[in-house]
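Questions regarding the structure given below will be posed in turn.
The values are calculated or read from the model by the stated rules, or taken from the named source; none is laboratory data. From a predicted model like this one, the values you see are computed outputs, not experimental measurements. Every residue, glycine among them, receives a Cβ derived from its backbone with ideal geometry; neighbour counts consider all protein chains shown. Areas reflect the complete protein model, heavy atoms only, side chains present, ligands, DNA and RNA absent. Shrake-Rupley method; radii C 1.70, N 1.55, O 1.52, S 1.80 Å.
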Amino acid sequence: MTSTLLIRLAGPLQAWGTASRFLHRDTDPERPTKSGVIGMLAAADGHHRDEHDTDYSDALPLTTLARLRFAVRADRPGVLIRDYHSVGGGRFPIRPRDLILDPKRAEASDRVATVSTTGTFGTVELQSWYGAPKGIHRDGSGHLQAGVTINRTPLITTRWYLSDAAFVAAVESSNRTLLERLADRLDYPRRVLWLGRKNCPPAERLNHGVHDGNLESVLARTALLPNATEIAPYYWIECDPDEHDAVAVMDQPVSYTSRNRAHVQRWERRQRIPLTAPTITWESE
């Protein structure tokens, strides 16, 4: 028998990137991605980005989680917002390792620290300083060196978010035990969980139980979220490529490895499913 796990995705900010790069971090403007939700389930189970480097030997492999059939419903689509975000720059107190590694600041080591009469340590401040040196290593003589050029110019990045949004995500499997394990992991995660990006914590309980039936039947009898703004919300449901109105999307996860993230194509359809006398309700707020 097929079963479905319901997941409530609600919070002040969400970000479900589809083509993000360092200086430009986007989000899907309509709904969470399968890659993002499967990644959250993987983190809850203790999965490491590098499957050969994990703290939990019993963590499920990504291939097992990626086979789950996925759907999401936009009860409260939210508002697309852009965040002004800068990286680096500013004035910071100097640290001993920066004197050692940065030739441009070596002269500061000859300065006399401010003498304090209140019993606290004095400080030496620089006019401009960016971060800690990267690629620290020892040279042939054993001295510490920075492996890359030190850059102190702040960067301006573009980051998009969905603000005040709430979604009902669902994953389907014929293995109910697997879904019950994931439901328990959402309540007691092995790693910290986020709504797509690390500064987007969930505001509500994620797990809403495992229910008998496929995605379509379970979502059709699941009540709207208490703060829903849509009377007849859209659903995005994973389907076979030959089904009517099937659309290709590139968010089927293959690897989450930091230097080799990979996704392949899957198919889904967008539709509205009428809610008729919903029997699956939400806790009062």
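Can you pull out every residue in region 255-266 that is surrounded by fewer than 17 Cβ atoms within 10 Å (Cβ to Cβ) and modelled with pLDDT of 90 or more?
Matches in region 255-266: Val264, Gln265.
Where residues in region 1-25 are at pLDDT below 90, of a type outside the set (Ser, Thr, Tyr) and assigned to a loop (DSSP other than H, G, I, E, B), which of them is least open to solvent (accessible area, probe 1.4 Å)?
Ranking the qualifying residues of region 1-25, first place goes to Gly17.
Look at region 207-236 and say how many of its residues are open to solvent by 20 Å² or more (accessible area, probe 1.4 Å) and among the hydroxyl-bearing types (Ser, Thr, Tyr).
So the count comes out to 3.
Taking Glu204 and the conditions (1) within 26 Å of Val87 (Cα to Cα); (2) part of a loop (DSSP other than H, G, I, E, B), which numbered condition does it fall short on, given that it satisfies the others?
Only one criterion in (1) within 26 Å of Val87 (Cα to Cα); (2) part of a loop (DSSP other than H, G, I, E, B) is unmet by Glu204, namely (1).
Give me the residue from region 195-224 that is among the charged types (D, E, K, R) and touching a residue at least 40 places away in the same chain (Cβ under 8 Å) and, out of that set, farthest from Gly39 (Cα to Cα).
So the residue we want is Arg221.
Follow-up. Confirm whether Ala246 is more than 29 Å from Ser163 (Cβ to Cβ), open to solvent by less than 80 Å² (accessible area, probe 1.4 Å) and free of Cβ contacts under 8 Å to residues at least 60 places away in the same chain.
The answer is yes for Ala246.
Return the residues of region 15-69 that are closer than 17 Å to Glu268 by Cβ and hydroxyl-bearing (Ser, Thr, Tyr); say none if nothing qualifies.
Passing the criteria: Thr18, Thr33, Ser35.
Do we find that Arg190 is in a loop (DSSP other than H, G, I, E, B), touching a strand residue (DSSP E or B) at 6+ places or on another chain (Cβ under 8 Å) and surrounded by fewer than 20 Cβ atoms within 10 Å (Cβ to Cβ) in this structure?
no
What do you reckon, is Glu204 open to solvent by 20 Å² or more (accessible area, probe 1.4 Å) and either of a type in the set (A, V, I, L, M) or at pLDDT 95 or above (or both)?
no
For region 40-69, which residues satisfy the criterion of being β-branched (Val, Ile, Thr) and assigned to a loop (DSSP other than H, G, I, E, B)?
Thr54 - this is the single residue of region 40-69 that is β-branched (Val, Ile, Thr) and assigned to a loop (DSSP other than H, G, I, E, B).
Only one residue in Asp58, Asp45, Asp28 is closer than 22 Å to Pro189 by Cβ, open to solvent by 10 Å² or more (accessible area, probe 1.4 Å) and of a type outside the set (Lys, Arg), so which one is that?
Residue meeting the stated conditions: Asp58.
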